[in-house]
Amino acid sequence: LEKAQRPLVIVGKGMAWSRAEDEVRAFVERTQIPFVRSPMGKGVMPDDHPLAVSAARTLALQQADVVFLMGARFNWIFHFGLAPRFDKDVKVIQLDIAPEEIGHNKPTEVALVGDGKAIVGQLNKALAGRQWFHPTDSAWRKALSKKVSENAATIKPQIDDDAAPANYYRALRDVAAWMPKNSILSAEGAGTMDIGLTQLPSFDARSCLNAGTYGTMGVGLGQAIAACVAQPGRPVIHLSGDSAIGFSGMEMETLVRYGFPVKIVVLNNGGIGPGMPEIPENPMMNLKPNALIYGARYDKMMEAFGGKGFFVEDPKKIRGALDQAMAHDGPALVNVVLSQGSTRKAQQFAWHS
């Protein structure tokens with residue numbers, strides 16, 4: 001790491017499960033090395049930390065010359081650590097509790113096998129006797145900061161777009177501003193989860209539950225219920241696409257039966273992944289298999305069980321509906337109709353490329 005020109009830390013869920021957030025933060029702030037996080041590593045380091053560069057993830061992964069894989073794994077989420085997603089000559093330091101994971105998919109220069117909290121704690125003790133840290137004015141830090149700003153500017157027109165129906169970024173702007181800072185977020189879906197994890201900040205470890213390594217749909221409401229049981233004093237928000245809510249939506253009955261005050265936000269674009277721009281005259285013959293009923297009333301499902309439901313077609317009314325849902329002392333669902341043409345910012349590397 002001392003010899004690296006472009007060092008990077010990748011923080012994974014292993015650090016969350018080992019409850020190593022304090023040690024990780026001490027390491028990152030002591031070394032001044034920028035970091036990205038895996039989806040389930042979200043919150044181990046606060047998303048608003050000045051060394052967070054997930055908003056420049058492609059540049060960070062592609063150009064890092066030394067990667068400290070800290071409780072994360074080179075699976076499909078990180079394109080197996082291979083070029084062109086990573087530099088073909090990147091050196092890897094891998095911390096993992098499972099010895100069989102060392103060097104899996106990508107050769108490792110240094111292997112650190114054991115509990116993340118213990119190992120990073122040992123590293124921090126060793127750092128106390130050294131003078132080194134990555135320069136704050138390095139070309140690497142400047143390039144990453146510039147890319148973060150450029151990517152923020154790219155999506156700003158969508159964030160500020162009040163045209164109805166809403167796009168993903170406009171809807172999530174209001175959700176982000178509305179969510180209490182100590183919320184537990186459960187997220188699932190295709191575009192809804194992928195974009196949501198970039199736009200909704202997390203500030204604490206184990207406070208963002210999502211589809212994880214295997215992209216499992218149907219876990220979202222179960223995770224929200226578990227969060228209510230484990231942390232009864234904290235707000236629990238479930239963000240779902242209209243496809244994802246179909247996998248475990250009947251758990252709304254469980255929420256009402258137990259009085260769990262989960263607030264569900266459904267981003268409804270009428271499709272599994274992208275919506276259908278036009279509904280053909282004979283839907284049975286011409287609809288793609290990933291099409292769903294556009295504007296389906298998932299809010300009515302919540303009302304049928306005794307919760308509160310809100311249906312929003314105008315983006316300027318999203319925040320008002322969210323506030324009413326939060327004010328309700330039981331479970332509530334806000335069903336936000338999205339443009340069927342709304343999509344994610346252009347990606348250099350799609351998940352399957």
Residue within region 224-232 that is under 20 Å from residue 337 (Cβ atoms) and touching a helix residue (DSSP H, G or I) at 6+ places or on another chain (Cβ under 7 Å) present
no
Is it true that some residue in region 7-22 is surrounded by fewer than 19 Cβ atoms within 10 Å (Cβ to Cβ), of a type outside the set (Val, Ile, Thr), modelled with pLDDT of 95 or more and assigned to a helix (DSSP H, G or I)?
yes
Name every residue in region 62-77 that is over 18 Å from residue 1 (Cα atoms) and not in a loop (DSSP other than H, G, I, E, B), in order of residue number.
76, 77
Would you say residue 47 is farther than 21 Å from residue 223 by Cβ and of a type in the set (D, E, K, R)?
no
Tell me yes or no: at least one residue of region 60-77 is touching a His at 6+ places or on another chain (Cβ under 9 Å), without any contact (Cβ under 8 Å) to a residue 60 or more places away in the chain, not assigned by TED's automatic domain parsing to the domain that holds residue 212 and not hydroxyl-bearing (Ser, Thr, Tyr).
yes
Would you confirm, using the coordinates I've provided, whether residue 85 is under 24 Å from residue 122 (Cβ atoms) and either touching a strand residue (DSSP E or B) at 6+ places or on another chain (Cβ under 9 Å) or not β-branched (Val, Ile, Thr) (or both)?
no
Which residue out of 133, 80 is in a helix (DSSP H, G or I) and either in contact with a Lys or Arg (Cβ under 8 Å, 6 or more places away or on another chain) or on the phi > 0 side of the Ramachandran plot (or both)?
80
Filtered residues of region 173-188 (kept if among the hydrophobic types (A, V, I, L, M, F, W, C), part of a helix (DSSP H, G or I) and either in contact (Cβ under 8 Å) with a residue 60 or more places away in the chain or over 17 Å from residue 320 (Cα atoms) (or both)):
175, 177, 178
Subset of region 214-248 [surrounded by fewer than 21 Cβ atoms within 10 Å (Cβ to Cβ) and touching a residue at least 60 places away in the same chain (Cβ under 8 Å)]
235
Residue among 123, 95, 144, 59 that alone is at pLDDT 95 or above and not in a helix (DSSP H, G or I)
95
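Rundown of residues vs (1) over 23 Å from residue 218 (Cβ atoms); (2) at pLDDT 95 or above; (3) not assigned by TED's automatic domain parsing to the domain that holds residue 175, yes/no style:
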residue	(1), (2), (3)
274	no, no, no
283	yes, no, no
315	yes, yes, no
319	yes, yes, no
325	no, yes, no
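The values are calculated or read from the model by the stated rules, or taken from the named source; none is laboratory data. The model shown is predicted, which means the values in this text are computed figures rather than measured ones. Every residue, glycine among them, receives a Cβ derived from its backbone with ideal geometry; neighbour counts consider all protein chains shown.
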